[in-house]
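Engineer: Just passing along the structure, written as structure tokens.
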Amino acid sequence: MPRAYGVSTRQADTIVVWCSDHRLQKTFYDFVMRELGLENGQFFLVSVAGGGFALSEPTLKEDFDGAKWQIEFFLHHSNIKRIVLIGHADCTFYRVMGLQENQPRHYLLSAKRQIECTFPNPNIAVDLFYGEFCGGNMVFRPVHEPQLQRA
Ligand SMILES: [Zn+2]
């Protein structure tokens, strides 16, 4: 007889987009659980190569469309209030796709604008986090829009 596994009955209202890098799956999950307060079953997961970076440029065609399609699906079928995009240092996708032209935070901000433009909804927050290595661990910091200079 096969073993039975529990199923969550919680309602999820958050989409988390993170990179499918095998080294960081537990790292991302621990961050999302401890710092964003989302337990397993409380968020929709989009795990794609590049994480938030995959959504930064429509020219990244298949990756961009694939991640966008998953977000669109969850937006249409659930009451989403928050989208969290995560990028990380030493990302193979980032390197292979030649995104070094700008700082990583630039691409996460670009991904946020792509989402806000594609799915305009003032009731959905889009939050960005960038993970950097610190010793053998990863530290996540929020990425914010640059402050406008006052004249
Ligand atoms: Zn990566």
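Engineer: How many of the residues making up region 97-108 are closer than 25 Å to Ala12 by Cβ and surrounded by fewer than 19 Cβ atoms within 10 Å (Cβ to Cβ)?
Structural biologist: Residues that pass the stated criteria total 0.
Engineer: Please go through region 1-18 and pick out each residue that is out of contact with any strand residue (DSSP E or B) (no Cβ under 6 Å at 6 or more places or on another chain) and of a type outside the set (Gly, Ala, Ser).
Structural biologist: Met1, Pro2, Arg3, Tyr5, Val7, Thr9, Arg10, Gln11, Asp13
Residue-wise test of (1) more than 16 Å from the ligand (Cβ to nearest atom); (2) among the basic types (Lys, Arg); (3) free of Cβ contacts under 8 Å to residues at least 40 places away in the same chain.
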residue: Phe31; (1), (2), (3): no, no, no
residue: Gly37; (1), (2), (3): yes, no, yes
residue: Glu57; (1), (2), (3): no, no, no
residue: Asp65; (1), (2), (3): yes, no, yes
residue: Lys68; (1), (2), (3): yes, yes, no
residue: Asn79; (1), (2), (3): yes, no, no
residue: Arg82; (1), (2), (3): yes, yes, no
residue: Thr92; (1), (2), (3): no, no, no
residue: Arg95; (1), (2), (3): no, yes, yes
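Engineer: Report yes if Phe53 is hydrophobic (A, V, I, L, M, F, W, C), surrounded by 13 or more Cβ atoms within 10 Å (Cβ to Cβ) and under 17 Å from Asp127 (Cα atoms), otherwise no.
Structural biologist: Details: hydrophobic (A, V, I, L, M, F, W, C): yes; surrounded by 13 or more Cβ atoms within 10 Å (Cβ to Cβ): yes; under 17 Å from Asp127 (Cα atoms): yes.
Considered against the rule, which asks whether it is hydrophobic (A, V, I, L, M, F, W, C), surrounded by 13 or more Cβ atoms within 10 Å (Cβ to Cβ) and under 17 Å from Asp127 (Cα atoms), Phe53 comes out as yes.
Engineer: In region 97-110, how many are in contact (Cβ under 8 Å) with a residue 24 or more places away in the chain and charged (D, E, K, R)?
Structural biologist: Of the residues in region 97-110, 1 are in contact (Cβ under 8 Å) with a residue 24 or more places away in the chain and charged (D, E, K, R).
Engineer: Quick one: count up the residues across region 58-83 that are surrounded by 15 or more Cβ atoms within 10 Å (Cβ to Cβ) and within 13 Å of Thr118 (Cβ to Cβ).
Structural biologist: Number satisfying all stated conditions: 7.
Engineer: From the list Tyr29, Tyr94, which residue is surrounded by 13 or more Cβ atoms within 10 Å (Cβ to Cβ) and touching a strand residue (DSSP E or B) at 6+ places or on another chain (Cβ under 8 Å)?
Structural biologist: Tyr94
Engineer: Please go through region 1-26 and pick out each residue that is surrounded by fewer than 18 Cβ atoms within 10 Å (Cβ to Cβ) and either within 16 Å of the ligand (Cβ to nearest atom) or charged (D, E, K, R) (or both).
Structural biologist: Arg3, Arg10, Asp13, Ser20, His22, Arg23, Gln25, Lys26
Engineer: Scan region 39-50 residue by residue and report those that are within 14 Å of the ligand (Cβ to nearest atom) and either at positive phi or more than 14 Å from the chain's Cα centre (by Cα) (or both).
Structural biologist: If the condition is that a residue be within 14 Å of the ligand (Cβ to nearest atom) and either at positive phi or more than 14 Å from the chain's Cα centre (by Cα) (or both), then Gly50 is the only one that fits.
Readers should treat all values here as calculations from the given coordinates under stated rules, not as data from a laboratory. For clarity, every value in this text was computed on a predicted model and none was experimentally measured. Cβ: placed from backbone, ideal geometry, glycine included. Neighbour counts: every protein chain shown.
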